[in-house]
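*Asks:* What follows is a single structure, and I will ask about it in a moment.
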There are 2 protein chains.
Amino acid sequence: MVNNNKRLDRTFAALVDPTRRAILARLEREDGASISALAQPFVIKLPAVMKHLDVLDNAGLITRSKVGRTVTVRLRPEPMREAMDWLRRYERFWSQSLDRLAAYVESKEAEARKKRR
Amino acid sequence: MVNNNKRLDRTFAALVDPTRRAILARLEREDGASISALAQPFVIKLPAVMKHLDVLDNAGLITRSKVGRTVTVRLRPEPMREAMDWLRRYERFWSQSLDRLAAYVESKEAEARKKRR
């Protein structure tokens, strides 16, 4: 439970930053990217991108492999699954609001049908 | 998109801390709790709990209402929905691994059936 909590701490902390989320989102679309390709769309400098990659790596959300001079970064999405499972327990609140909305729409439709008769 | 990103920043930042997650999890089970009741299971002091509640409030994850001297804290789970939607795009990776596992089990079963013949 403690380890579980520490992993969640690291995952959520990694997801706090929009640059890191953008890197993850890109790696979701592309199967592996070089560090320079990853850094290219950002206005921040390469060392700052490297720091973000360190945070993602420490959270277990990416892997880095070096071939020659090129480091390829790949997504390792597993820790996000735990974060999502944690959030999932709140899902019933949204489905409840949808149920209430559906009930409201139905009652309005029933009213409208009555008036038409 | 920028506002969207800022909201996600705040939501994930609020979820980083295990005490704040425990408070949210409790409010998911109970419809409203007083601050002293919320603070009771933690070893940290009341002012520290109050600071955590401020973070949750700023992230729009709780509401606080005062009647007389009692402040009642309630869950406001909506921002978590956006966080979950963000995470959901990675879901296909987990279902892919499950698909691969299922295919592996099936091939093993087919092998076993062949051997029995």
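*Asks:* I'm told A:A33 meets every condition in (1) in contact with an Asp or Glu (Cβ under 7 Å, 6 or more places away or on another chain); (2) over 26 Å from B:V16 (Cα atoms) except one. Can you identify the failing condition by its number?
*Replies:* (1)
*Asks:* I'm told B:E109 meets every condition in (1) farther than 21 Å from B:V16 by Cβ; (2) in contact with a Pro (Cβ under 8 Å, 6 or more places away or on another chain) except one. Can you identify the failing condition by its number?
*Replies:* Here B:E109 meets the rest and fails (2).
*Asks:* Right, another one. If I ask for residues that are closer than 16 Å to B:D54 by Cβ and open to solvent by 30 Å² or more (accessible area, probe 1.4 Å), which ones from segment B:1-18 would you list?
*Replies:* Of everything in segment B:1-18, those that are closer than 16 Å to B:D54 by Cβ and open to solvent by 30 Å² or more (accessible area, probe 1.4 Å) turn out to be B:R10, B:A13, B:V16, B:D17.
*Asks:* May I pose another question? Being touching a strand residue (DSSP E or B) at 6+ places or on another chain (Cβ under 9 Å) and open to solvent by 10 Å² or more (accessible area, probe 1.4 Å) is the filter; apply it to segment A:19-29 and report the residue that is farthest from B:Y90 (Cα to Cα). Even if it seems obvious, please write down each step before you answer.
*Replies:* Of the residues in segment A:19-29, the ones touching a strand residue (DSSP E or B) at 6+ places or on another chain (Cβ under 9 Å) are A:23-24, A:26-28.
Restricting the remaining residues to those that are open to solvent by 10 Å² or more (accessible area, probe 1.4 Å) gives A:26, A:28.
Working: A:R26: 11, A:E28: 7 Å.
So, considering only residues that are touching a strand residue (DSSP E or B) at 6+ places or on another chain (Cβ under 9 Å) and open to solvent by 10 Å² or more (accessible area, probe 1.4 Å), the one farthest from B:Y90 (Cα to Cα) is A:R26.
*Asks:* Those residues that are open to solvent by 80 Å² or more (accessible area, probe 1.4 Å) and either in contact with a Gly (Cβ under 6 Å, 6 or more places away or on another chain) or more than 24 Å from B:L8 (Cα to Cα) (or both), I need them from segment B:37-64; list them, please.
*Replies:* Passing the criteria: B:Q40, B:P41, B:V43, B:K45, B:L46, B:P47.
*Asks:* Name every residue in segment A:66-117 that is among the aromatic types (F, W, Y) and free of Cβ contacts under 8 Å to residues at least 40 places away in the same chain, in order of residue number.
*Replies:* Answer for segment A:66-117, where residues must be among the aromatic types (F, W, Y) and free of Cβ contacts under 8 Å to residues at least 40 places away in the same chain: A:Y90, A:F93, A:W94, A:Y104.
*Asks:* Which of the residues belonging to segment B:19-54 are facing chain A (nearest Cβ under 9 Å) and not aliphatic (A, V, I, L, M)?
*Replies:* Result: B:R21, B:E28.
*Asks:* I need every pair where a residue in segment A:5-18 that is more than 8 Å from chain B (Cβ to nearest Cβ) has its Cβ under 6 Å from the Cβ of a residue that is basic (K, R) and crowded, with 18+ Cβ neighbours inside 10 Å, sequence separation at least 6 or different chains.
*Replies:* Between residues of segment A:5-18 that are more than 8 Å from chain B (Cβ to nearest Cβ) and residues that are basic (K, R) and crowded, with 18+ Cβ neighbours inside 10 Å, the close pairs are A:A14/A:R20.
*Asks:* Name the helices (runs of 4 or more DSSP H) wholly within segment A:31-117 that hold at least 3 residues that are touching a strand residue (DSSP E or B) at 6+ places or on another chain (Cβ under 7 Å) and modelled with pLDDT of 90 or more?
*Replies:* Of the helices (runs of 4 or more DSSP H) lying wholly inside segment A:31-117, those with at least 3 residues that are touching a strand residue (DSSP E or B) at 6+ places or on another chain (Cβ under 7 Å) and modelled with pLDDT of 90 or more span A:46-58.
*Asks:* Here is a list: A:E109, A:E30, A:E91, A:E78. Which entry is within 13 Å of the chain's Cα centre (by Cα) and of a type in the set (D, E, K, R)?
*Replies:* A:E78
*Asks:* Still on this structure, I have one more. Within segment A:78-96, identify whether any single residue is more than 24 Å from B:L61 (Cα to Cα) and either within 14 Å of another protein chain (Cβ to nearest Cβ) or not basic (K, R) (or both), and answer yes or no. Lay out the reasoning, then the answer.
*Replies:* Applying the first criterion (more than 24 Å from B:L61 (Cα to Cα)) to segment A:78-96 yields A:78.
In the following step, the residues that additionally are either within 14 Å of another protein chain (Cβ to nearest Cβ) or not basic (K, R) (or both) were identified as A:78.
Yes: one or more hits.
*Asks:* Also: Would you tally the residues in segment A:81-90 being touching an Asp or Glu at 6+ places or on another chain (Cβ under 9 Å), open to solvent by less than 30 Å² (accessible area, probe 1.4 Å) and under 21 Å from B:F93 (Cβ atoms)?
*Replies:* Residues meeting the conditions: 1.
*Asks:* Further question on the same structure: Which pairs do you get when a residue that is free of Cβ contacts under 8 Å to residues at least 12 places away in the same chain, found in segment A:35-55, comes within reach of a residue that is outside any loop (DSSP other than H, G, I, E, B) and not small (G, A, S), reach meaning Cβ atoms under 7 angstrom, with the pair 6+ apart or on two chains?
*Replies:* A:A39/A:L46; A:A39/A:V49
The values are calculated or read from the model by the stated rules, or taken from the named source; none is laboratory data. None of these values were measured; they are calculated from a predicted model. With ideal geometry, Cβ positions are generated from the backbone for all residues, glycine too; neighbour counts draw on all protein chains shown. Areas reflect the complete protein model, heavy atoms only, side chains present, ligands, DNA and RNA absent. Shrake-Rupley method; radii C 1.70, N 1.55, O 1.52, S 1.80 Å.
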